[in-house]
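Colleague: Once you've had a glance at the structure underneath, I'll fire off some questions.
The values are calculated or read from the model by the stated rules, or taken from the named source; none is laboratory data. Fair warning: this is a prediction, and the values are worked out from it, not measured in the lab. Heads up: the accessible areas ignore ligands, DNA and RNA and are worked out on the full protein's heavy atoms, side chains in. Shrake-Rupley method; radii C 1.70, N 1.55, O 1.52, S 1.80 Å.
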Amino acid sequence: MPQDPRTPRDPRNPQRPRSREGRPASPEPASAEPGTHGWAHGRAERRTRLFARLLRGVGAGRLPVDPFIVALLATVGLAALLPASGTTAEAVEGASTGAIALLFFLYGARLSTREALEGLRHWRLHLTVLACTFALFPALGLVGAKGLGPVLLTPELASGLLFLTLVPSTVQSSIAFTSIARGNVPAAICAGSFSSLVGVVLTPLLAALLLGGAVGGLSADALLRIVAQLLVPFLAGQATRRWTAGFVGRNRRVLSYVDRGAILLVVYTAFSEGMVRGVWSQVTPARLAALLGVEALLLAVMLALTWYGSARLGFAREDRIAIQFAGSKKSLAAGLPMASVLFGAQASLAVLPLMLFHQMQLMVCAVIARRRARDPEAA
C-alpha cells in the first residue's frame, strides 16, 4: 500500500512513521490476550500506574496516603457515630457474610493458576517469599504478641498483631514497587499469586493453630465456617475461570469498586459490633502509640531480613527487590474478610493492627522503591 508523502518518516527507518512530537512512534504493544506473556506484563504495568499518584509525592518530600485507608477510616467513623444494632445489625451481618463470599469468589476468578505454575522455574525465589510470608513473619509475630503484647497491648490488639503476620502477601503493590525499583516484575507477579493461593488455606489454619481461643481453635464449627465462607467461594471462582475470566478482565475497574465496597461493609459490621460491645474503651492513645512502634519495628526487621538474607542466599539484585517487596508486605484486602470470619465479635480490634500496618508499609516501601531505582546498580 503506498505511503502518504505528507506523513513524516523516521530518517533512521523510512518505513517507521514519526509521532507528532517528532519521536519515532511506539511499536505495537505486546499481546494483550489472557494467558500470554505480554498480557502478564500489561497487567503489571496497569497496576504500576495505579500507584503512580501515590508515589509522585515521595520525590517531593510527601509520603503517600492510600485513598482506600481514608475510606476505611471514614467507615470506622460512621460505625462509631451510627453503629448497627438489633435487627439492623442482623441484616448488616448477613450482607457482610455474602460480601465475604463474593470477595473470595472474585479472588479465585482473578488468580490464574496457569500463570503461577509458569513461574515455577524461579522456585527458589518463590519458596523464599513463601517462607518469609508464612514462617519468618509469624515467628516474629509470636515474639511481638507474646513478648511485648502483654506489656504494651491489650490481648485483642496482641491477637490482631499476630494475625497480621499470618495473612498472605499483597499482589498489586508488590508488583508496582518491584517495577519502580527495577526489579524482577514477572517473579513478583508469580510470587504474589502463589502467596494468595496458599494463603486461602494456610492463613486460617495458622490462625487456628497460633491464636487458639481467640479464633475458636480448630473446632469442627470453626473449620466448617472457614471452608464455607472462604475456601468454597475461592474454589468456585477458580473452577469457573473458563467462563468468568474474560468478564472479570474486561470489567476490572468496576469490580475493584465492588471489592472495596464489600470490604468497607465488612469493616462497618465489625466496628459496629465493637461499638455496641464497648470494646473501643480499651484503646488508649498510649496503647495505640505502642502498637505503631511495635509494627514499625516488625516492618523494619522484615525489610532488612528479606534484603540482606536474599543476598546471602545468592540472589541477583532484581530478584532481591522482588523478594523484599513481596516478602515483607501483607494484604489488607485478603486479611480483613478473613479476620471477620475468624474473629467474629472480636474482629473490630483484631483488624486495627492490619489497617495501620498497611498504610505504614505503603509509605516506607514507596521511599525504598524510589531509592532502589536510583541505585548505581540499577543503571
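Colleague: Report, to the nearest whole %, how much of the accessible area of the range 84-200 belongs to carbon and sulfur atoms, 1.4 Å probe, protein only. Walk me through the intermediate numbers first.
Modeller: Details: 2870 of 4290 Å².
Percent of accessible area from carbon and sulfur atoms in the range 84-200: 67.
Colleague: Quick one: Cα centre-to-centre distance for the range 304-355 and the range 70-87, in angstrom?
Modeller: Measuring centre to centre over Cα atoms gives 27 Å.
Colleague: Still on this model: Hey, can you grab everything whose amide H is under 5 Å from the amide H of Lys329? Only 5+ residues off in sequence or another chain; H modelled, so Pro and N-termini drop out.
Modeller: Correct list: Thr170.
Colleague: Tell me, what is the per residue accessible area of the range 177-301 in Å², probe radius 1.4 Å?
Modeller: With all protein chains present, the range 177-301 gives 47 Å² per residue.
Colleague: Heavy atoms of the protein only, probe of 1.4 Å, neighbouring chains included. What is the accessible area of Thr284 in Å², nearest 10?
Modeller: Estimated to the nearest 10 Å², Thr284 gives 50 Å².
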